[in-house]
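Everything below concerns the one structure shown next.
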Amino acid sequence: MAIQEVLVPDIGSFKDVEIIEVLVSVGDTIAVEDSLITIESDKSSMEIPSPVAGVIKELKVKVGDRISEGSLVVMMEVVEAAAGAAVASQAPPSQPSPARGEGAKTASEPAKPAPVPAVLSPSPLAGEGLGKGASSSSKLDFSKAYATPSVRKFARELGADLNKVTGSGRKGRITQDDVKAYIKDVMSMGGVPGRSAATGNTLGVAPMPDIDFSQWGAIETVPLSRINKLTGEFLHRNWVHIPHVTQFDQADITDLETFRKQLNEENAKSGMKITPLVFIMKAVVAGLKAYPRFNSSLDAKGENLIRKSYYNVGVAVDTPDGLVVPVFRDVDKKSIMQLSEELKEMSAKARDKKLKPADMQGGCFSISSLGGIGGTKFTPIVNAPEVAILGVSKSDIQPVWNGKEFVPRLMLPLSLSYDHRVIDGADGARFTTYLAKMLGDIRRLLV
Ligand code: CAO
């Protein structure tokens, strides 16, 4: 073992350039060609790798120092074989260093350890600048990215596309931490680093800016509820992963309303209130039976459809803490009165935060009813792994042409969003037409 100086080699036009990274620490065991420091001029950055293997005994530089050819970088305790190689590396810098290849093995014995100029690993800022250890099979083109060779190498090893990473270093340089943060973001979105938006695995868009709104006036910061956060994540995932189409339609519920009001009058004493929603749940189940693709889920690989022979319907409930979707089981087997009772119970449980996880699982299809509030139509987000969701808006009286004249009819707006990977547009329109037919004449639900 011998302590040896490692010097900056001939670095061409680089003179008095700044060290922007020190990549080693005292005590580190270094292999031949491990990078020691990164230097940066106005035009490019480059790493200076070690020409010898050994243990760092002393750092002679720090970030911000300026160096030129011959500057001392580290004191290194070199292993014997490498010490010999180090002397052999005194060949002119423009020639390939035998210390890195076969020459190291054939080098003659050194008389004494001599200072070792390191061998360059250039990285033009606007060039490919591949680190030596980078995979030659990699297809990622980082030519526009502003990063040092070690960061480029790190990004290639992880398959991160540096073109999409925002640099937080000086002058926007991308650091290793920036790459890690990018990978974390991509993974949290269920994506694959390095795959472009075109492949469907990442959004490939810049993150939302962090804005200080107080610069324009008074503000208050209100934390999102747990439900808000969970729902937000879930909806975002579904919105990104599922190709949505929304089919609009309307159902003539004039006769249904007459019947519903009659039922409510008959049950006034019991306090039971029947809303249009329970009829819609029944009509949906009839639709799921007529069009079984709507009662299916895609498997995780997206290669098979899993068809269900049970009819569980989720209903979105608005609570002070956010949206929850309790599931009503076996809707096909329950009466209008039973469903009304259950809807009342479940809505109360939801608003009192008493729903259990099991109450919100196992749904086949969801309904989001804003009919009690207002609006004419909207585009609900599919509640995966389900493949369709029905949005219901407020019914109103409209003039409808009956072939001879316009007559006032109570029309219910329907907005069906579906997963276009599973459901074709024609089936989407068939499904809403079928729903409208069922709701237009609820006797058909018995057939
Ligand atoms: N058109 C006209 N009136 C309607 C209607 C419709 N489509 N649907 C319901 N109504 C009426 C009801 O008949 C009731 O009238 P009365 O008070 O005169 O009896 C009134 O509106 C209120 O109904 P409701 O909302 O209490 O009951 P519901 O069975 O229709 O809905 C529930 C229950 C739990 C779904 C509902 O309370 C709710 O939370 N809706 C919001 C769902 C939501 O937030 N969806 C958005 C999800 S995406 O962000």
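Here's a check for you: in region 278-304, which residue that is closer than 15 Å to Gly428 by Cβ and part of a helix (DSSP H, G or I) is farthest from the ligand (Cβ to nearest atom)?
The qualifying residue farthest from the ligand (Cβ to nearest atom) is Pro292.
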Item to check | Residues satisfying the stated conditions in region 234-277, i.e. out of contact with any Gly (no Cβ under 7 Å at 6 or more places or on another chain), open to solvent by less than 60 Å² (accessible area, probe 1.4 Å) and more than 10 Å from the ligand (Cβ to nearest atom) | outcome: Asn238, Ile242, Pro243, His244, Thr246, Asp249, Thr254, Leu256, Leu263, Asn267, Gly271, Met272
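Within region 399-431, track down each residue that is within 15 Å of the ligand (Cβ to nearest atom) and either outside the structural domain of Thr254 (by TED's automatic domain parsing) or not hydrophobic (A, V, I, L, M, F, W, C) (or both).
Arg409, Pro413, Ser415, Ser417
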Checklist entry - Can you pull out the residues in region 164-198 that are closer than 25 Å to Arg237 by Cα, modelled with pLDDT of 80 or more and of a type in the set (S, T, N, Q)? => result Thr166
Checklist entry - Which ranges mark the strands (runs of 3 or more DSSP E) fully within region 1-45 that have 1 or more residues being open to solvent by 40 Å² or more (accessible area, probe 1.4 Å)? => result 2-7, 17-22
Item to check | Sole residue being small (Gly, Ala, Ser) and free of Cβ contacts under 8 Å to residues at least 40 places away in the same chain, chosen from Ala348, Ala436 | outcome: Ala348
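Yes/no per residue for (1) open to solvent by 30 Å² or more (accessible area, probe 1.4 Å); (2) assigned to a strand (DSSP E or B); (3) farther than 25 Å from His244 by Cα; (4) of a type outside the set (Val, Ile, Thr):
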{"residue": "Lys394", "(1), (2), (3), (4)": "yes, no, no, yes"}
{"residue": "Val400", "(1), (2), (3), (4)": "yes, yes, yes, no"}
{"residue": "Lys404", "(1), (2), (3), (4)": "yes, no, yes, yes"}
{"residue": "Pro413", "(1), (2), (3), (4)": "no, yes, no, yes"}
{"residue": "Val422", "(1), (2), (3), (4)": "no, no, no, no"}
{"residue": "Phe431", "(1), (2), (3), (4)": "no, no, no, yes"}
{"residue": "Tyr434", "(1), (2), (3), (4)": "yes, no, no, yes"}
{"residue": "Arg444", "(1), (2), (3), (4)": "yes, no, yes, yes"}
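Here's the yes/no breakdown for (1) within 13 Å of the ligand (Cβ to nearest atom); (2) open to solvent by less than 50 Å² (accessible area, probe 1.4 Å); (3) of a type in the set (Val, Ile, Thr); (4) farther than 23 Å from Leu416 by Cα:
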{"position": "Ala316", "(1), (2), (3), (4)": "yes, yes, no, no"}
{"position": "Val325", "(1), (2), (3), (4)": "yes, yes, yes, no"}
{"position": "Val331", "(1), (2), (3), (4)": "no, yes, yes, no"}
{"position": "Ile336", "(1), (2), (3), (4)": "yes, yes, yes, no"}
{"position": "Glu341", "(1), (2), (3), (4)": "yes, no, no, yes"}
{"position": "Ser347", "(1), (2), (3), (4)": "yes, yes, no, no"}
{"position": "Ala350", "(1), (2), (3), (4)": "yes, yes, no, yes"}
Checklist outcome for this item: Residues of region 71-92 being closer than 24 Å to Lys15 by Cα, open to solvent by 40 Å² or more (accessible area, probe 1.4 Å) and at pLDDT 60 or above, in sequence order, are Leu72
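Within region 43-54, how many residues turn out to be more than 12 Å from Val6 (Cα to Cα) and over 36 Å from the mean Cα position of the chain (by Cα)?
The total comes to 0.
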Checklist outcome for this item: Expected single match for touching a residue at least 12 places away in the same chain (Cβ under 8 Å) and away from the ligand (no atom under 11 Å from the Cβ) among Val387, Val447 is Val387
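Could you tell me whether Ala283 is in contact with a Gly (Cβ under 7 Å, 6 or more places away or on another chain), of a type outside the set (Ser, Thr, Tyr), closer than 24 Å to Ile423 by Cα and open to solvent by less than 40 Å² (accessible area, probe 1.4 Å)?
For Ala283, the condition - in contact with a Gly (Cβ under 7 Å, 6 or more places away or on another chain), of a type outside the set (Ser, Thr, Tyr), closer than 24 Å to Ile423 by Cα and open to solvent by less than 40 Å² (accessible area, probe 1.4 Å) - is not met.
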Checklist entry - Which of the residues that make up region 256-280 are in contact with a strand residue (DSSP E or B) (Cβ under 9 Å, 6 or more places away or on another chain) and charged (D, E, K, R)? => result Glu257
Checklist entry - within 14 Å of the ligand (Cβ to nearest atom), open to solvent by 40 Å² or more (accessible area, probe 1.4 Å) and not in a strand (DSSP E or B): does that describe Lys354? => result no
Next on the checklist: Criterion first (surrounded by 15 or more Cβ atoms within 10 Å (Cβ to Cβ) and among the charged types (D, E, K, R)) does Glu386 satisfy it?
Outcome noted: yes
Item to check | Selection count, region 351-375, where residues are in contact (Cβ under 8 Å) with a residue 60 or more places away in the chain and touching an Asp or Glu at 6+ places or on another chain (Cβ under 7 Å) | outcome: 2
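Collect the residues in region 365-383 that are of a type in the set (Ser, Thr, Tyr), surrounded by fewer than 18 Cβ atoms within 10 Å (Cβ to Cβ) and more than 25 Å from the chain's Cα centre (by Cα), keeping them in residue-number order.
Once the filter is applied, which keeps residues that are of a type in the set (Ser, Thr, Tyr), surrounded by fewer than 18 Cβ atoms within 10 Å (Cβ to Cβ) and more than 25 Å from the chain's Cα centre (by Cα), region 365-383 yields only Thr376.
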Checklist entry - Filter region 365-384 for residues that are farther than 19 Å from Gly232 by Cβ and assigned to a strand (DSSP E or B); which is farthest from the ligand (Cβ to nearest atom)? => result Phe365
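The values are calculated or read from the model by the stated rules, or taken from the named source; none is laboratory data. Fair warning: this is a prediction, and the values are worked out from it, not measured in the lab. Every residue, glycine among them, receives a Cβ derived from its backbone with ideal geometry; neighbour counts consider all protein chains shown. Surface areas here come from the heavy atoms of the whole protein model, side chains and all, with no ligands, DNA or RNA. Shrake-Rupley method; radii C 1.70, N 1.55, O 1.52, S 1.80 Å.
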